[in-house]
Amino acid sequence: METHMKTLGLIGGMSWESSAQYYRLINEEVRARLGGAHSAQLLMWSLDFARIKQLQHDGDWDALGNEMVDAAQRLQAGGAELLLICTNTMHKLVGEIEAACPLPLLHIADPTVTAIVQAGLQRVGLLGTAFTMEEDFYRGRLSERFGLDVLVPEADDRRDVHAIIYQELIAGVVNERSRQVYVEVIERLVARGAEAIILGCTEIMLLVRAEDSPVPLFDTTTLHARAAVDAALA
C-alpha cells in the first residue's frame, strides 16, 4: 500500500551543522516508521550563514525577514507543502513568513512545549542564542501561550552560552571545556528551580548530552524533526 507523504520544506543553513542533523533525524524517523527503503520527501533551501550571522548582529531584521520570505517562497514554488525553520532564533520572523507565504509553518517551540507538558513539568530553563534567551518572541510563546515558567541564565552565563554557539558550534567544534561551561550554567538554572532544560538552539544538541544535566533535557532539534514527520505522514 502506497503511503502518502507531504513534501517538507526546510529553511536551513543557519547553521548547516544543525541542518544536517535535521536531514538525518527526519530520514531516520521516516525509515523507523515506514520501514524498508523509505526516506523523507523534502526540499531544503540552505542560506549562507555568514550573511545571516552578520545581519543578526547588526540588528537588521528587515533584511533577515526578506531572506526568510524569499526562502519560504522558493520552497513553495518547488512543491513544499509544509515549512520548517531549522533554527530557533529565526522564529523571530515567523510573522513575516506567514504573512507572505500560505504554507503551514510548524513552529519549533510547539512540539517542545507539548513534550514538556506531557512530562508534567512547568518551570524550565532556556538555553539558546542571546536573541532567543533575551527577547520575547520565543519566551513569550512559551509563557503566554502555554503557561510555562521560563528561566534564562544570568547575564554572564547568557554571554558565554551565546559565544560558544557562534564561535564553536556553528563550525561543528565540540569542546570539552565548553561542555563544562554549559554544565555549570545548567546547574545554576536547576538551583533556581528549573525542572527541565530546553536546548533552544539547534546546535546545542551537538555539545550537551542527557548525562550532562541533573534534570531532563528537551532538544528542540530532535522534537521539531519528529513533529515534522508526524505532520508529513498525517
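The values are calculated or read from the model by the stated rules, or taken from the named source; none is laboratory data. What you are looking at is a predicted structure, and each value in this text was computed from that prediction instead of being measured. Counting neighbours? That spans all protein chains shown, and the Cβs are built from the backbone with ideal geometry, glycine included. Remember, those area values only see protein heavy atoms, side chains included, never the ligands or the DNA or RNA. Shrake-Rupley method; radii C 1.70, N 1.55, O 1.52, S 1.80 Å.
D149's amide H: which non-local residues (gap 5+, or another chain) put their own amide H closer than 5 Å, with H modeled 1.01 Å from N in plane and none for Pro or chain starts?
When sequence neighbours closer than 5 places are left aside, the close amide H contacts are R123, V124.
Pop out the carbon and sulfur fraction of the accessible area of the chain as a percent, whole number, probe 1.4 Å.
Details: 4890 of 10270 Å².
Within the chain, the accessible surface is 48 percent carbon and sulfur.
Could you order M5, M68 so the one with the most accessible surface comes first? Probe is 1.4 Å. Present the calculation step by step, with values, prior to reporting the outcome.
Working: M5 25, M68 0 Å².
Heavy-atom accessible area, descending, gives M5, M68.
Quick one: which residues, 5+ away or cross-chain, put their amide H under 5 Å from the amide H of A196? H built at 1.01 Å from N.
Hits under the 5 Å cutoff: G125.
Once you charge only the Cβ atoms, +1 for Lys and Arg and -1 for Asp and Glu, what is the size of the charge dipole of the range 87-145 about its Cα centre, to the nearest 20 debye? Spell out each step's value before the answer.
Values: 5 positive and 7 negative charges, 43 e Å.
So the dipole magnitude of the range 87-145 works out to roughly 200 debye.
How large is ³J(HN,Hα), in whole Hz, for each residue of the range 145-153 in order, when computed from phi with the Karplus curve 6.51 cos²θ - 1.76 cosθ + 1.60 and θ = phi - 60°, using x for Gly and Pro?
Karplus-based 3J(HN,Hα) across the range 145-153 equals 7, 10, x, 6, 9, 9, 9, 10, x Hz.
If the only charges are +1 at each Lys and Arg Cβ and -1 at each Asp and Glu Cβ, what is the size of the charge dipole of the chain around the Cα centre, to the nearest 20 debye?
Dipole about the Cα centre, nearest 20: 480 debye.
Of L199, P111, G35, which is farthest along the charge dipole of the chain in the positive direction, counting Lys and Arg as +1 and Asp and Glu as -1 at C-beta?
G35
Amide H neighbours of N88 under 5 Å, counting only residues 5+ apart in sequence or on other chains, H built in-plane at 1.01 Å?
T202
Count the net charge of all other residues whose Cβ sits under 13 Å from the Cβ of V174, scoring Lys and Arg as +1 and Asp and Glu as -1.
Working: positive: R177, R179, R209; negative: E17, E168, E176, E203, D212.
Overall, the nearby charge balance is -2.
Compute, for Y22, the solvent-accessible surface of its heavy atoms (probe 1.4 Å) with the complete set of protein chains present, and express it in square angstrom to the nearest 10.
Per-residue accessible area (Y22): approximately 0 Å².
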